[in-house]
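Values quoted throughout were computed directly from the atomic coordinates according to the rules given, and no laboratory measurement underlies them. No experiment lies behind these values; they were computed from the predicted model shown. Backbone-built Cβ (ideal geometry, glycine too); neighbour counts: all protein chains shown.
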Amino acid sequence: MTDGMQTAPGWGASGSQTQADAEANLLRTCSGLKDRGIQVFTVGYDLNDAHTLDLLQNCASPSSFYDAKDLGGGLMASFQAIAVTVKETMVRLVR
């Protein structure tokens, strides 16, 4: 979940430290999680930056696990939808 664009720099492979490196790290992390079968939900709130929204959508698995809402009431709906999805798809162990 995020409330804004990437503003802090991150370390890159060549030792650089830029915002672009931070975004690349985010996408690499998202890909690594998804490659391990971990479901990634992303929620952007109060965002109007298309680039940041695209990053969040690309991070989610699948893209239907991405949502962007305004702060006024939409955020709770996003988390309720995530709860429903987790409840419906979660593996349950019984004795």
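Miscellaneous remarks
- Scattering curve values for the range 26-66, log₁₀ I(q)/I(0), Debye with Cα scatterers, q = 0.24 Å⁻¹: -0.73
- Other-chain or far-sequence residues with amide H under 5 Å of VAL40's (modelled H): SER61
- Nonlocal amide H pairs with THR18, under 5 Å, H built at 1.01 Å: GLY10, GLY12
- Residue-wise HN-Hα coupling along the range 50-65, computed from phi with Karplus coefficients 6.51, -1.76, 1.60 (Hz; x: Gly, Pro): 4, 4, 5, 4, 5, 4, 5, 5, 5, 6, 5, 9, x, 4, 5, 8
- For the chain, calculated [θ]222 nm from helices alone, where every DSSP H run of n ≥ 4 adds -39500 (n - 2.57): -14500 deg cm²/dmol
- ALA68 long-range amide H proximity, modeled H, under 5 Å: GLY44
- When the trypsin sites (Lys or Arg not before Pro) in the range 27-58 are filtered for DSSP coil states and for at most 13 other beta-carbon atoms within 10 Å of their beta-carbon, the remaining sites are ARG36.
- Dipole check for the chain: with +1 at the C-beta of Lys and Arg, -1 at the C-beta of Asp and Glu, and the Cα centre as origin, the magnitude is about 640 Debye.
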